Amino acid sequence: MAKREVFQLTQSQKMMVFILSMSLYGLSNMFTELIPSLQIGPVELSVEYFAFIPLTLCILFHPLYAAIGASLGEIIFGELMLGQFGGIGEIEKFITFSLGMYIAGILVRNPLNRMQVGMAVMSGLVVHHLLGMIVDIGKVWVGVEEFEAVKGLAESIIVIEGVAFLNDLLFSGILFALLPTLYLVPRLYGKIEPLLGMKPRNKDDRYTMKEVITPRFVVIGIVLSATAIIAEFLSETEFSFGEWEPDFMEMFGDWFIWIVIAVAAVIACITIVLMARKNKTQRSKLDNVA
């Protein structure tokens, strides 16, 4: 049996992936703020995220650094720089989203296999939204948040959160996560990595589910999920802290969001240029040696 080649990135490459994911996903979050929602009876259809960006980066590059970078980018560009940071309550969103993206990334062993990519994407989204739904239901049951019934739906928190879960999964999840990822990953695989000075993941490796979802991974996932739930519960009580809501938007107007978009775009462009320049330098050194 041939020895498997381990996919590894250098520390500088991991940092580049982290910054690229942070800036690109942060940039996309700015545009979702500008897209209006559509109300159809009791159901509100809205673009929650462009999750195909972190999903593609998690699958092609490094799942952990891309996932954490995307979550941090949402906090920095979508929360802090717009003056709507929720304090300790943001921990829940950070953990659940990072966990979902990371799971999607590690489940893909062959980026050219669309079936595998599709199943991984939906698995990651289910983890993210399911944990969020459990937290919201738990807050009402425990009593740290009041129940707000939705006109036209049965007055049950499970029904309401279930409808919201299906809406996020089937609307935003399919249109702005699954379909773009299925299109981008096979087309970018093997082409974008060399341009950025990185080696593509080995598509010939085959791992069993037991090798991917280890007991250690399960334990860490449970601990992180519990931490997310506790943090969100605390955010609804008198122990909530860290909230930061300055009046940026009121002082400067809605055009201030374009400044945040410009900052995220500049960071993303600089990161891409540096990665490409580093790759060019490495190729020049190899050519000189040859």
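The values are calculated or read from the model by the stated rules, or taken from the named source; none is laboratory data. Predicted, not measured: the structure shown is a model, and the values here were computed from it. Positions of Cβ are generated from backbone atoms using ideal geometry, with glycine treated the same way; all protein chains shown enter the neighbour counts.
Here are the numbers for this structure:
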{"item": "Residue in region 53-64 that is part of a loop (DSSP other than H, G, I, E, B), crowded, with 24+ Cβ neighbours inside 10 Å and on the phi < 0 side of the Ramachandran plot present", "result": "yes"}
{"item": "Qualifying residue in region 162-173 (condition: modelled with pLDDT of 90 or more, among the small types (Gly, Ala, Ser) and closer than 28 Å to Gly190 by Cα)", "result": "no"}
{"item": "Counted residues, region 81-109 - those being more than 28 Å from Val185 (Cα to Cα) and either touching a Phe, Trp or Tyr at 6+ places or on another chain (Cβ under 7 Å) or at pLDDT 90 or above (or both)", "result": "5"}
{"item": "Residues located in region 68-110, provided they are crowded, with 23+ Cβ neighbours inside 10 Å, more than 13 Å from the chain's Cα centre (by Cα) and under 15 Å from Cys58 (Cβ atoms)", "result": "Val108"}
{"item": "Residue in region 168-186 that is surrounded by the most Cβ atoms within 10 Å (Cβ to Cβ), counting only those that are of a type in the set (A, V, I, L, M, F, W, C) and closer than 16 Å to Ala70 by Cβ", "result": "Ala177"}
